[in-house]
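A.B. asks: Okay, handing you the structure first.
The values are calculated or read from the model by the stated rules, or taken from the named source; none is laboratory data. Everything numeric here is computed off the predicted structure, so don't read it as measured data. Glycine also receives a Cβ, built like all others from the backbone with ideal geometry; neighbour counts cover every protein chain displayed. With ligands, DNA and RNA removed, areas are computed over all heavy atoms of the protein, side chains included. Shrake-Rupley method; radii C 1.70, N 1.55, O 1.52, S 1.80 Å.
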Amino acid sequence: DLSEKNKHIETQNHELIRINEEINLRNQKIEEKNIQLNHQNEQIAEQRDNLIHLSDELKRANQAKINFFTNISHEFRTPLTLIIGPLKELTHTMDNTSAAELQRKFKIVYGNASKLLMLVNQLLDFRKADTDNITLRYSKLDIVNFTRQTASLFNDMAKRKKIEFGFHSSFSHRELCFDQDKMEKIIFNLLSNAF
């Protein structure tokens, strides 16, 4: 009877050992699954961070486009305003306008139409700016005369808006090396914002 009990206990011990091994094997598999899940979670977190980064870059790119089109609109609006003003006056006062006044107004219209054409050409060359290929084209010119001529394009607007506007310089002339296009943009923006 004792030997039967021993055999029974031994059988139960073997069964417990087998069950224990199975539990250990399952625990090992669960641990491996946990490691895989942790690795997948890390990958998902990395992908999420990448998506957030891409989203931020897209927002910045969209904002840059909005800023670009706002600036371009501003650039176009000024010469168009400076063209429309004299043309509007001419349509109302053509019969009473002297030849000299007509010529002056047409010069303003021509100067601003040329400015618009330049802006269109710059838009067509925008790829250069996109690839950081912008180069400055320096010329040695009289900055005083250049500024006076550019500012004179605003004379009609000043007159229409009843703004006292004039150009004064402590130099009669001053030769400097500068990029005409960039300098004209600076003067146009300053005066346009001031008006």
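A.B. asks: Working only with C-alpha atoms, what are the Rg and Dmax values of the chain, expressed in angstrom?
C.D. replies: 39.2, 139
A.B. asks: Modelled label-to-label distance, Glu46 and Arg160, 7 Å Cα→beta-carbon offset: nm?
C.D. replies: The two pseudo-label positions are separated by 6.1 nm.
A.B. asks: Taking only Cα atoms, what is the 0 to 90° angle, nearest 10, from helix 99-124's long axis to the longest principal axis of the chain?
C.D. replies: That works out to roughly 20 degrees.
A.B. asks: To continue, here is another question. Take the Cβ-Cβ distance between Leu58 and Leu119 as r, set R0 to 45 Å, and report the resulting FRET efficiency rounded to the nearest 0.05.
C.D. replies: Using R0 = 45 Å, I get an efficiency of 0.95.
A.B. asks: Counting only the backbone N, which residues of the range 135-151 are under 14 Å from the spot 7 Å out from the Cα of Arg174 toward its beta-carbon?
C.D. replies: Residues passing the 14 Å test: 141-148.
A.B. asks: Note down the nm distance, to one decimal, between modelled labels 7 Å out along Cα→Cβ at Ile72 and at Ile186.
C.D. replies: If labels sit at Ile72 and Ile186, their model points lie 2.5 nm apart.
A.B. asks: Now a separate question. What angle do you read, to the nearest 10 degrees and between 0 and 90, between the alpha-carbon axis of helix 180-194 and the longest principal axis of the chain?
C.D. replies: Taking the Cα atoms of the chain, the angle to 180-194 is about 90 degrees.
A.B. asks: Rounded to the nearest 0.05, what FRET efficiency is calculated for Asn13 and Leu37 with R0 set to 30 Å and r the Cβ-Cβ distance?
C.D. replies: For Asn13 and Leu37, the calculated efficiency is 0.25.
A.B. asks: Solvent-accessible area per residue for the range 58-114 at a 1.4 Å probe radius, Å²?
C.D. replies: 69 Å²
A.B. asks: Do any of Lys107/Lys162; Lys7/Lys29; Lys65/Lys159; Lys88/Lys185 go past 29 Å between their Cα atoms, and which?
C.D. replies: Cα-Cα > 29 Å for Lys7/Lys29; Lys65/Lys159; rest within.
A.B. asks: Cα axis of helix 2-93 to longest principal axis of the chain: angle in degrees, 0 to 90, nearest 10?
C.D. replies: For 2-93 against the chain, the angle is about 10 degrees.
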